[in-house]
Amino acid sequence: MAGKPADGRGPVHVPFGHIVANEKWRGSQLAQEMQGKIKLVFEADLTPVDFYLSSRSCILYVTEADLVAGNGYRKRLVRVRNSSNLQGIVVVEKTQMSEQYFPAMQKFTVLDLGMVLLPVASQTEASCLLVQLVQEQAKEPSKNPFLRKKRPLISELSLLRTVQQIPGVGKTKAVLLLQKFPSIQQLSNASVPDLEPVVGPAVAQHVHGFFTQSS
């Protein structure tokens, strides 16, 4: 049903409303949680990609074990980042046990590579995220609040969710921040005085600290 990518970097044909999953996820909790909510197609030889949401949008999944083990995940991220065909979104499992390893990954993924990083607490939460991303792609373009921009919808939704991970920033403030600072790079370089008019002094400190502690 789905065409295999030439070297694991896409593009691959993804039927509308489906997710193409790497065969290694068959039988996993993540795949089981998505069953019944979205249609899954399993394919072998998708390395380094874990899930394709569309022909050009993919998920690179970093488990908590991968995060704790060290920098082994970096080659996969760089390989997709250097591919002109794919827009990669990185999903990482982060709990209290692995929290100390997260800032280094955050800096590498978001600031060094410029990729979207979405932390999740479990594979259950990750399954909800993947289903949501696919469903958002199916919505009418008129419902896309970021339609005026050139970025694909999938990127906008992921970017919005990334900013919402900052302590004290909900969906409303995340939208306000992205209207003023339309990229993670610009947001990470913003000073507290730059941020205060947008979200107030308290949240401005949270946002600034979120990026500076990852440096």
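Considering only residues in the range 133-150 that are over 18 Å from Pro15 (Cβ atoms) and either among the polar types (S, T, N, Q) or touching a strand residue (DSSP E or B) at 6+ places or on another chain (Cβ under 9 Å) (or both), the one that is modelled with the lowest pLDDT turns out to be Asn144.
Please work out if Val120 is modelled with pLDDT under 85 and buried (at least 18 other Cβ atoms within 10 Å of the Cβ). When the stated conditions are applied, Val120 does not pass them.
The residue that is modelled with the highest pLDDT, counting only those in the range 170-211 that are of a type in the set (S, T, N, Q) and assigned to a helix (DSSP H, G or I), is Gln205.
Checked against (1) over 20 Å from the mean Cα position of the chain (by Cα); (2) in contact (Cβ under 8 Å) with a residue 40 or more places away in the chain, Tyr52 meets all criteria but (1).
Evaluated against (1) farther than 18 Å from Glu136 by Cβ; (2) surrounded by 18 or more Cβ atoms within 10 Å (Cβ to Cβ); (3) not charged (D, E, K, R), Thr47 falls short on exactly one condition, (2). Condition first: farther than 19 Å from Glu125 by Cα and over 12 Å from the mean Cα position of the chain (by Cα). Now tell me which residues in the range 55-76 satisfy that. Passing the criteria: Ser55, Arg56, Val68, Ala69, Gly70, Asn71, Gly72, Tyr73, Arg74, Lys75, Arg76. Ala104 fulfils the conditions (1) part of a helix (DSSP H, G or I); (2) modelled with pLDDT of 90 or more except for a single criterion, (2). Checking Ser158, Ser214 one by one, the residue that is closer than 29 Å to Tyr73 by Cα, touching a Lys or Arg at 6+ places or on another chain (Cβ under 8 Å) and either at pLDDT below 75 or surrounded by fewer than 16 Cβ atoms within 10 Å (Cβ to Cβ) (or both) is Ser214 and no other. Within the range 79-94, residues that are farther than 12 Å from Tyr52 by Cα and without any contact (Cβ under 8 Å) to a residue 24 or more places away in the chain reach no partner that is assigned to a loop (DSSP other than H, G, I, E, B) and open to solvent by less than 50 Å² (accessible area, probe 1.4 Å) with beta carbons closer than 6 Å at six or more positions or on different chains.
The values are calculated or read from the model by the stated rules, or taken from the named source; none is laboratory data. Bear in mind that the values here come from a model prediction, so they are computed numbers and not experimental data. Quick reminder, even Gly has a Cβ in these numbers, built from the backbone with ideal geometry, and neighbours come from all protein chains shown. Please note that ligands, DNA and RNA were not included when accessible areas were found on the heavy atoms of the full protein model with its side chains. Shrake-Rupley method; radii C 1.70, N 1.55, O 1.52, S 1.80 Å.
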